[in-house]
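Input: a single structure, listed below in structure tokens.
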Amino acid sequence: YGSNDWYYAYGHNTANQIVRDAELMASLAPTDGPRPFTVVDDGWEENPQAYPDMAALASQIRGHHVRPGLWIRPVLAKAETPAGLLLPEARFGKGGNGSGDPAFDPTVPDALEHILAKVTQATGWGYELIKHDFSTYDLLGQWGFQMHAQPTLPGWSFHDRSRTNAEIIRSLYQAIRHTAGKRTVIIGCDTIGHLGAGLFDAQRTGDDVS
């Protein structure tokens, strides 16, 4: 239990406000028993001026006797990423089926390293919870409500064609779990429920509450 800034800031927030969230959680939580979390959700990566030091922010949250958490989008790649590390745009269908953001192909070893580096970065900063998001959309090119009986569109594949998509995704989840370590709480968001079973501590299964 605790706070998540997405539901009031929707990506437009600051480190100072996150610290105030932690103060509020500390004031509301019972003095005994498990401590609450304060989770920094989407938006922090795009606004370095508002979040100048993510490790210091985790320390400040913890200084209020609250557990720090962080949202990441691990499969997302930068625009300048070499094409050999990326999934084909064809997964979005003809003309694109959404944002068309570039994404790492987890079956390419060097690409998987980039994915897991985001997990290592978060835990290295001192965050005790990781909420990893967007991976189903980034990997398969569709939102769940668009899939119906067909989770992927035809005409593309992962680099490794020796495994099924389910095996590839489960392997990615296992790698994220192993990299995060047993003590890190992991929330899967836009993840596939049965493939994350036994690996994630919780999974978000609904749309934004607003």
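The values are calculated or read from the model by the stated rules, or taken from the named source; none is laboratory data. Since this is a predicted model, take the numbers as computed values, not measurements. Neighbour counts run over all protein chains shown; Cβ positions are idealised from the backbone, glycine included. Keep in mind that these areas ignore ligands, DNA and RNA; they rest on the heavy atoms of the full protein, side chains included. Shrake-Rupley method; radii C 1.70, N 1.55, O 1.52, S 1.80 Å.
What the table shows:
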item: Degrees between helix 165-180 axis and first principal axis of the chain (Cα, 0 to 90, nearest 10); result: 30 degrees
item: Fluctuation leader among 51, 137, 127 - the chain, Gaussian network, Cα springs under 10 angstrom; result: 51
item: Sum of -39500 (n - 2.57) over DSSP H runs of 4+, divided by residues of the chain (222 nm, nearest 500); result: -10000 deg cm²/dmol
item: Label-reachable residues, the stretch 2-26, where backbone N falls under 17 Å from a point 7 Å from residue 59's Cα toward its Cβ; result: 15-16, 19
item: Accessible area in the full protein assembly, largest first, 1.4 Å probe, for 76, 87; result: 76, 87
item: The chain: Lys pairs at Cα distance under 18 angstrom, eight or more positions apart or on different chains; result: 4
item: Length-normalised contact order for the chain - Cα pairs under 8 Å, 6+ apart - percent; result: 18 percent
item: Scattering curve values for the stretch 1-99, log₁₀ I(q)/I(0), Debye with Cα scatterers, q = 0.14, 0.16, 0.23 Å⁻¹; result: -0.63, -0.73, -1.13
item: FRET efficiency, 1/(1 + (r/R0)^6) with R0 22 Å, evaluated for residue 110 and residue 204 via beta carbons; result: 0.15
item: Amide H contacts of residue 3 (H built 1.01 Å from N, under 5 Å, at least 5 apart or other chain); result: 37, 38, 39
item: P(r) weight above 17 Å for the stretch 149-210, C-alpha pairs, percent; result: 50 percent
item: Base-10 log of normalised Debye intensity for the chain (one unit scatterer per alpha-carbon) at q = 0.13, 0.16 Å⁻¹; result: -0.75, -1.09
item: log₁₀ of I(q)/I(0) at q = 0.20 Å⁻¹ - the stretch 44-129, Debye sum with one point per alpha carbon; result: -0.95
item: Theoretical gain in end-to-end length, residue 147 to residue 83 [0.36 nm per residue, Cα-Cα removed]; result: 20.4 nm
item: Degrees separating the helix 109-125 axis from the principal Cα axis of the chain, which is the longest one; result: 10 degrees
item: Built amide H within the under 5 Å cut-off of residue 72, gap 5+; result: 131, 132, 133
item: Using alpha-carbon coordinates, inclination of helix 54-63 to the longest axis of the chain, degrees; result: 40 degrees
